[in-house]
Amino acid sequence: MGVGRSASGRRGRPYRAGAGPAARPGVPLHQQRVGWLLRVNRLYGPTERWLRLADFAQAFQGGCWPERTSLYQISRWETAAVRVPYLAIRRYEELLALGSHQLVAPIDTIYRYAASSGDAAPVLNRGPERSAVTDRLTELVEMAGSATAVLTGVEWDELTRRLAAAPEIVLSPRRAWTDIAERLLSETIVADGLAWMQRYEALSRLLAHPVGQRAAVAACASLAADRTSQVFVETVGALDASGHPDANRHVLRQLIHPTNDRAQFGALLASVRKLRFGHFAEAEMSRLVTIIQELAFDSTRREDVQPLAVELLRCLPESASAASRMRLRHLAADPALHPVLRAGRLVEEEASQHLVDRVRNSMVAVMPRDIPSFRDDILPVLLDEMFASPVFDVRMYAAITVSGTPYRQRLAAALSAELAGTAVLATPVAPAMIEALRLLGGAEQRAVIERLVTASGMPAPVTVAAAQAIGHVGGHSDDRFWGRAIAYHAQLWGRTRLPTNAAALNGLTYGLGMTRNLVILRRLRADDRMPEQVRAAAAWWLNLPGTVYESANQ
């Protein structure tokens, strides 16, 4: 597989993952990544003029930023010596000709995943609210409760930010909190890209609000308990943003008595941050460890739950029983689980390093300019997390971080080139790459995902991952593709009843729902040859209010 310019080209020697200095001691990793995101956008932005830091600093005053700013101040932001303020990020967007909140949204997302869930306010402080707070808040609350009003991502940001600034607020009528939570959750699960990041941050704030969290937790729990619902992982996983006892209770319920396998996986994901931030009480911990132990040894869930459960158990050695620790040692003989047990990785470090090197060098070879003075030590770390972490959220947030930079298109092209070959498709990395393309891929990568949906002889995880990704990758699939893909998997399912084909049909139905293809959804709902869960999924998507779709795209 080619990697762009070779080591003898003007880009210099191939970069080795793991080379370079370690993370800066004393500086939080998420803050370093925010500074990195700003720096990469400036260096590889639309003009070479901003390569010179002094020129960028000289132009910084203006627009939304009223103050004179020195190059030393910008350097401190970009090296994470100090936290960059909100308006400075907006000024980066202006100078780099980026859309509104194109940097703010991923930075909010980076901060939120790293932060404890104790505070509803955004970590990226917007500053004090201006005048007419009450009137504007009332207007936004009424819009959220309306069946016809459209709310943009910026308005959800403003609404939840104003609510966070009023921790003891009383809304009238009493149902207002429920209306806001249910509407926001509905929009979150059908939004994509920037719109999704804005709404997921808003939902996380609501889940941490002293008053609003009860309604937000109840909305997530109710949707997760609905067997006709079609979005379980995200709905249950969102409960990691709340330390409320109700959130803990619902996560444990979905672990022990799940609505389905996807809801259980979402609960396991939620447990990652809940354990990190100490949400569970002592009595809850004993129940949690027991179910994690059971899932860690469930070989029928090798593609999703088992590696994640093994990783959680690996990080809780003092909580596992002696018998479980002995059984874990037996799992070390399993080549798929050995790297998870040994180092918390889906693949061995050496294999991942070779892949990271190859992808990284392929990307850098086609960047718009050569910057000899810039040694990027963070990109290979993000790539390694994206490919090798057994925790889905870690892989996703690594992809989100890169998606906020000019690396995005080059990485998407490199991943699609890897997936066009055969070597990577038989490895655990292939589904992780496809997952990343959900966030990074544009129209150019859609053909690769379409091919993988119906390619014969593919490992089951590759087929399912491709079917689940088709609703997110950029571009548009015509009805001929949808018809062929549905017919292919429906025929195989009718003959074999294999769960792979049923899961692929579910993924395709999800893609049709995300792209609002009502015509084919109606056909699926009426087709008695389809699995019942597919027909139910089509009906669920068709029943979503049009206003939810319209708002979720704003």
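Values in this text are rule-based calculations from the coordinates and carry no lab data. Only a predicted model underlies this, so the values are computations on that prediction, with no experimental measurement involved. When we count neighbours, we look across all protein chains shown, and the Cβ atoms used for this are built from the backbone with ideal geometry, even at glycine.
Could you list the residues of the range 244-268 with an amide nitrogen less than 18 Å from a label point located 7 Å from the Cα of E532 in the Cα-to-C-beta direction?
259-262
For the peptides 52-60, 78-86, what is the packing order when you average, over each peptide's residues, the other Cβ atoms within 10 Å and list the highest mean first?
With the highest mean Cβ count within 10 Å placed first, the list reads 78-86, 52-60.
Near A538, within a Cβ-to-Cβ distance under 10 Å, what is the net charge of the other residues, with Lys and Arg +1 and Asp and Glu -1?
+3
With a ≥ b ≥ c taken as the square roots of the eigenvalues of the C-alpha gyration tensor of the range 193-254, please select rounded if a/c is under 1.5 and otherwise prolate if a/b is larger than b/c or oblate if it is not?
Oblate, because a/c is 1.5 or more while a/b does not exceed b/c.
State the volume of the convex hull built on the alpha-carbon positions of the range 344-445, expressed per residue in Å³ and rounded to an integer.
Output value, Cα hull per residue: 96 Å³.
If the chain between R523 and T148 were fully stretched, how many nm would it gain, using 0.36 nm times the residue separation less the Cα-Cα distance?
Here the segment from R523 to T148 would lengthen by 132.3 nm.
Quick one: 3J(HN,Hα) in Hz for the range 537-554, Karplus 6.51/-1.76/1.60 with θ = phi - 60°, rounded, Gly and Pro as x.
My calculation for the range 537-554 gives 5, 4, 5, 4, 5, 5, 8, 5, x, x, 4, 4, 4, 4, 5, 5, 9, 9 Hz in order.
With runs of 4+ DSSP H residues as the only contributors, calculate the mean residue ellipticity of the chain at 222 nm using -39,500 (n - 2.57) per run, divided by the residue total and rounded to the nearest 500.
Helix-only estimate at 222 nm: -19000 deg cm²/dmol.
Per-residue counts of other Cβ atoms within 10 Å, averaged by peptide: what ranking do you get for 157-163, 98-104, highest first?
Order by mean packing, descending: 157-163, 98-104.
Quick check: pseudo-label points 7 Å beyond the Cα along Cα→Cβ at R480 and L51, how many nm apart are they?
Result for the modelled spin labels: 4.5 nm.
Return the equivalent ellipsoid semi-axes of the chain as a descending list in whole Å, where each equals the square root of 5 times an eigenvalue of the C-alpha gyration tensor.
34, 31, 26
Using the Cα gyration tensor of the range 36-82, with a ≥ b ≥ c the square roots of its eigenvalues, what is the shape: rounded (a/c below 1.5), prolate (a/b larger than b/c) or oblate (neither)?
oblate
To the nearest Å, what is the center-to-center distance of the range 405-441 and the range 64-117, using C-alpha atoms only?
28 Å
With only Lys, Arg, Asp and Glu charged, each at its Cβ (+1 for the first two, -1 for the last two), find how big the charge dipole of the chain is about the Cα centre; round to the nearest 20 debye.
I would put it at about 880 debye.
Which length gain, in nm to one decimal place, applies between S286 and T228 when the Cα-Cα distance is subtracted from 0.36 nm times their residue separation?
Between S286 and T228, full extension yields 17.7 nm more.
Along each of its three principal axes, how wide is the spread of alpha-carbon positions in the range 317-366, in whole angstrom units, largest first?
Computed over the Cα atoms, the extents are 52, 21, 10 Å.
Going by Cα centres, the range 316-373 and the range 468-536 are how many Å apart?
Here the answer is 33 Å between Cα centres.
Residue-wise, which Karplus ³J(HN,Hα) couplings in Hz belong to the range 168-184, taking 6.51 cos²θ - 1.76 cosθ + 1.60, θ = phi - 60°, and x for glycine or proline?
Residue by residue, the range 168-184 yields 10, 5, 10, 9, 10, x, 4, 6, 4, 4, 5, 4, 4, 5, 5, 5, 5 Hz.
Ranked from highest to lowest mean number of other Cβ atoms within 10 Å per residue, what is the order of the peptides 423-432, 298-307?
423-432, 298-307
Tell me the relative contact order for the chain as a rounded percent, counting alpha carbon contacts under 8 Å between residues six or more apart.
So the answer I get is 14 percent.
How many nm is it between the label spots at M367 and C64, if each spot is 7 Å from the Cα in line with the beta carbon?
So the two model labels end up 2.6 nm from each other.
Calculate how large, on average over all directions, the projected area of the Cα convex hull of the range 58-202 is; give the answer in nm² to one decimal.
Answer in nm², one decimal: 9.9.
Going by a ≥ b ≥ c, the root eigenvalues of the Cα gyration tensor, does the range 232-333 fall in the rounded group (a/c under 1.5), the prolate group (a/b larger than b/c) or the oblate group?
oblate
Given points 7 Å out from each Cα along the Cα-Cβ axis, report the S456 to A539 separation in nanometres with one decimal.
Simple spin-label model gives 3.5 nm for this pair.
Over every pair of different alpha-carbon atoms in the range 276-359, take the mean of 1/r and invert it; report that Kirkwood radius in Å.
Averaging 1/r across every pair of different Cα atoms and inverting gives 13.7 Å.
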